[in-house]
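What follows is a single structure, written as structure tokens, with notes after it.
Only the coordinates and a few stated rules stand behind these numbers; no lab work does. Owing to the predicted nature of the structure, the values given are computational and were not obtained by experimental measurement. All Cβ positions, glycine included, derive from the backbone under ideal geometry; neighbour counts span all protein chains shown.
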Amino acid sequence: MTRTLHLAAALLLAATGLAGCASDEEPAAAPSPTPAAATSAAPTATAVATTSPSPTAAGDTPLALGKSRPSPDGAVVSTVFAYKQPVARSAPRPDEQPNFEWGAADIKVCVNKGYIENQIVVSNSSWALTYADDTQIEASSTGYDSFPKPEYPWGEKALAPGRCVRGWITFPVPARKRPVFVEYAADSEPVPPRWAVK
């Protein structure tokens, strides 16, 4: 009888372990880098449908604004301090669309002092806004003088160990909709961390 119970328990544990490994979800597509554009270029609004994991998936617990998170490889610590919408009201509307406006996130990334393995490069293209329907909006590829300052780096910026960069990233957003997360989709993040937007 004891042997049968041990065998049944072992089979139950094995089945549970296999079920935990299965997933129907595909990984979210990494955002493609966008070069900095001149202030006279037309802005673009990009909503990207993704199959990103639910906010309660293992390893994807949303962080509160102002909370810092180290990357899994120990290279950087990232923090989202705030999200504001609308911003830059004097700038042209994104894509001249009447139902879009500008939103911005205040973000900081620091390279750990002891990290010497690879050069760390940051860019606003690693950040996105995620909505309740799992759509995402990438950072604006166009800048205007009225965007919040200081701005987070456009294009790629190398950071030395012990250095930080902080600034606002501006996004073209639907006027009647707020994101639920600010997401950091850097290459070093197997599961992009998310900060909950209030």
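Applied to the range 71-83, the Karplus parametrisation 6.51 cos²θ - 1.76 cosθ + 1.60 on θ = phi - 60° returns per-residue 3J(HN,Hα) values of 6, x, 8, x, 6, 9, 10, 10, 9, 10, 8, 7, 9 Hz, with x for Gly and Pro.
Ordering Cys110, Cys164 from the fewest to the most neighbouring beta carbons within 10 Å gives Cys164, Cys110. Within the same chain, lysines fewer than 8 places from Lys149 are excluded, and of the rest, those with a Cα less than 20 Å from its Cα are Lys84, Lys108, Lys157.
May I ask for the equivalent-ellipsoid semi-axes of the range 65-186, computed as the square root of five times each C-alpha gyration tensor eigenvalue and listed largest first in whole Å? Don't skip to the answer; put the middle values down first.
Working: eigenvalues 149, 45, 25 Å².
Taking √(5λ) for each eigenvalue gives 27, 15, 11 Å, largest first.
Taking amide H as placed 1.01 Å from N in the peptide plane, Phe81 has its amide H under 5 Å from the amide H of Gly66, Asp106, Ile107, Lys108, each at least 5 places away in sequence or on another chain.
Close amide-amide hydrogen proximity is noted between Arg194 and Leu63, each under 5 Å apart and 5 or more residues distant or on a separate chain (H modeled in the peptide plane; Pro and chain starts excluded).
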